[in-house]
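In what follows, a single structure is set out as structure tokens and then discussed.
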């Protein structure tokens with residue numbers, strides 16, 4: 001048989017799963033062998049979280065387990081090998097797990113290139129590769145999990161080669177796909193009054209608000225804050241991802257997709273940073289926090305999740321603030337005030353509450369009373385300062401006295 005025909009038959013078998021034969025015989029089916037790939041994993045663990053990382057699959061975080069209730073937070077990463085014969089096989093995966101992606105760069109979501117471990121410490125592991133996926137660049141990623149923390153940090157550095165002419169800029173993209181998200185609720189701090197971020201059309205909202213996406217299948221949103229969250233109300237559990245605010249300026253955006261993949265109901269939370277055009281090292285980072293004991297949140301301030309409710313009584317209103325620190329909050333004072341939404345009128349000081357140090361992952365509820373005898377009218381945002389001196393302004397609920 002001619003060598004070119006032999007090569008053609010082999011390639012046909014690999015691509016189509018059928019072996020062409022010569023003469024009058026018809027093609028015979030090839031039954032490919034499909035096997036799950038058992039990857040070697042490395043781990044970081046503290047008293048709250050266990051992290052699984054897979055060096056041979058882009059060093060991705062394959063799973064985040066919340067240890068108090070043994071809850072896996074991500075749809076697990078699965079790799080498969082499809083072998084047609086001893087010479088030809090194909091590696092593929094379900095694309096899950098968290099690793100550095102770049103918006104608009106083709107092939108990275110399906111890449112399974114390995115990364116080397118270059119440094120290991122009790123609370124961190126650093127990965128490196130000269131060639132990251134199909135990107136003409138080197139990548140270093142440090143994953144950090146401090147003690148007494150429900151917050152992990154991912155710090156990355158990418159260096160493009162000057163020969164990379166395919167991409168005018170790189171926009172880092174964090175794609176978080178929570179497990180068991182069928183009944184979960186998305187919490188999206190969305191910026192109102194805009195229709196575009198850069199050249200991208202986003203969901204148009206009248207004002208800054210917490211947006212849930214309703215029944216949209218996929219959509220782009222202009223960020224009003226630097227975080228996104230998924231709430232599991234029945235479990236009183238929050239999974240959030242957040243980034244330094246400056247990395248979203250000027251053209252960063254949020255993306256969401258909901259549907260079915262691999263038999264799982266999926267609601268993704270995805271942050272795309274503004275990006276950088278130069279060949280100089282580009283440093284970027286994100287944090288992922290798990291906050292138990294909360295059905296919803298209104299803000300993430302530092303590493304503390306905040307929820308808030310307003311209750312009306314005949315003579316006053318009660319503003320209840322829930323604090324859940326992802327890392328221990330120092331002793332100090334929580335102060336609260338009301339600021340007019342339109343920027344007009346006086347700021348109403350509601351006072352302060354002195355607090356002892358708040359332990360990690362424990363919810364503390366605090367109440368502030370607003371008398372109906374106070375001379376205030378209109379709509380106000382609830383603002384405050386944590387004992388750590390970090391300031392917050394809640395998008396919701398709005399305090400309103402008609």
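Sorted from longest to shortest, the spans of the Cα atoms of the chain along the three principal axes equal 98, 45, 43 Å. Sorting 277-284, 116-123 by their mean Cβ neighbour count within 10 Å, with the most densely packed peptide first, gives 277-284, 116-123. Result for the chain in a Gaussian network model with C-alpha springs under 10 Å: among 303, 113, 264, the largest mean-square fluctuation is at 264. Counting only alpha carbon atoms, the long axis of helix 3-16 and the longest principal axis of the chain meet at about 30°.
Considering only 331, 142, 305, the mean-square fluctuation computed in a Gaussian network model of the chain, springs between alpha carbons under 10 angstrom, is largest for 331. For residue 390 and residue 40, the FRET efficiency from 1/(1 + (r/R0)^6), where r spans their Cβ atoms and R0 equals 56 Å, is about 0.90. Under a Gaussian network description of the chain, with springs only between Cα atoms under 10 Å, the residue in 56, 100, 307 that fluctuates furthest is 56. For segment 33-140, the square roots of the Cα gyration tensor eigenvalues, ordered a ≥ b ≥ c, give a/c of at least 1.5 with a/b no greater than b/c, which places it in the oblate category. Footprinting exposure proxy ranking of 99, 287, fewest other C-beta atoms within 10 angstrom first, gives 287, 99. Radius of gyration (Cα atoms) of segment 263-375, expressed as a multiple of 2.2 N^0.38 Å: 1.43.
Read-outs throughout are calculated quantities, based only on the coordinates presented, and are distinct from any laboratory measurement. Keep in mind it's a predicted model, so treat the numbers as computed, not measured. Cβ coordinates were reconstructed from backbone atoms using ideal geometry, including for glycine residues, and neighbour counts include every protein chain displayed.
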